[in-house]
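Chemist: What follows is a single structure, and I will ask about it in a moment.
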Amino acid sequence: MKLVVGLGNPGGQYAQTRHNVGWLVVDEVARRAGATWRKDGPNAETCEVRLSSEKVLLVKPQTFMNASGKAVIPYLQFYKLEAEALLVVQDDLDSPFGLMKLRPSGRHGGQNGVRDIIRLLGHDQFPRLKVGINRPPAGRDPADWVLSKWRDEEKPTLEELVRLGANAVEVWAKAGLAEAQQQFNSTDLRPKPEPAPKPAEPAVVEHDAESV
């Protein structure tokens, strides 16, 4: 069995914010499988899916981001899972919007949900699927930025990132982290810059033979 946790905040006011991209990804995995979310105690919503022969429990913490570990650690303990059987899907301030990457471990990087999981687990040796949301514009508080809603012009790219994120979760569950990294760590949906115009060729001046 494997455990996939999408980080986010409960409540309709947070549903379309940058901090909740983890929820969007696990919602897409559940939708594809035809699974239904259910309340599982006060701290989480869960649904169980089968990806090939692998049973996967999807989890959306209901504790608010800063206490995500409170929702996650009990499932690792109950099912007696090692940390490598956990995949945390998170937003990543340090990656540009349009990039997605899987990592086997690492520091929390200021992501408070990951910070709390590390605190309660006692180490940072568990896989992450990190979805880039950009750093905020100059002068804007990062805490305000992560709780801001997606702009209309960002939504097509967001939809594609969610689709690819769900694909990455499925490959991770079926074939492991290395295979998922190989397939998805090259994801880059940022607009490609327009090629620079070619410099104009110098005009050719023809001289009259008698003037040379």
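The values are calculated or read from the model by the stated rules, or taken from the named source; none is laboratory data. Since this is a predicted model, take the numbers as computed values, not measurements. Don't worry about glycine lacking a Cβ; one is built from the backbone with ideal geometry, like all the others, and counts go over all protein chains shown. The protein model used for the area step is the full one, side chains on, heavy atoms only, and it has no ligands, DNA or RNA in it. Shrake-Rupley method; radii C 1.70, N 1.55, O 1.52, S 1.80 Å.
Chemist: Hey, among the residues in the stretch 158-194 that are free of Cβ contacts under 8 Å to residues at least 24 places away in the same chain and assigned to a helix (DSSP H, G or I), which one's farthest from ASN134 (Cα to Cα)?
Modeler: Residue satisfying both the conditions and the ranking: ALA175.
Chemist: For the stretch 26-38, state whether one or more residues are more than 27 Å from ALA175 (Cβ to Cβ) and open to solvent by 50 Å² or more (accessible area, probe 1.4 Å).
Modeler: yes
Chemist: Here is a follow-up. Do we have any residue at all in the stretch 38-47 that's under 19 Å from ALA85 (Cβ atoms) and out of contact with any Ser or Thr (no Cβ under 7 Å at 6 or more places or on another chain)?
Modeler: So far as the stretch 38-47 goes, yes, one or more of its residues are under 19 Å from ALA85 (Cβ atoms) and out of contact with any Ser or Thr (no Cβ under 7 Å at 6 or more places or on another chain).
Chemist: If you don't mind, another one. Got at least one residue in the stretch 89-111 being in contact with a helix residue (DSSP H, G or I) (Cβ under 7 Å, 6 or more places away or on another chain), in a helix (DSSP H, G or I) and in contact (Cβ under 8 Å) with a residue 40 or more places away in the chain?
Modeler: no
Chemist: Of all residues in the stretch 135-147, which are surrounded by fewer than 17 Cβ atoms within 10 Å (Cβ to Cβ) and more than 15 Å from GLY22 (Cα to Cα)?
Modeler: ARG135, PRO136, PRO137, ALA138, GLY139, ARG140, ASP141, PRO142, ALA143, ASP144
Chemist: Within the stretch 34-88, work out how many residues are in a helix (DSSP H, G or I), under 20 Å from the mean Cα position of the chain (by Cα) and not hydrophobic (A, V, I, L, M, F, W, C).
Modeler: Number satisfying all stated conditions: 4.
Chemist: May I pose another question? So LEU164 fits all but one of (1) more than 24 Å from ASN66 (Cβ to Cβ); (2) open to solvent by 80 Å² or more (accessible area, probe 1.4 Å); (3) at pLDDT 95 or above; what number is the exception?
Modeler: Every listed condition holds for LEU164 apart from (2).
Chemist: Oh, and also: Which ones in the stretch 2-33 are under 14 Å from VAL162 (Cα atoms), polar (S, T, N, Q) and part of a helix (DSSP H, G or I)?
Modeler: ASN20
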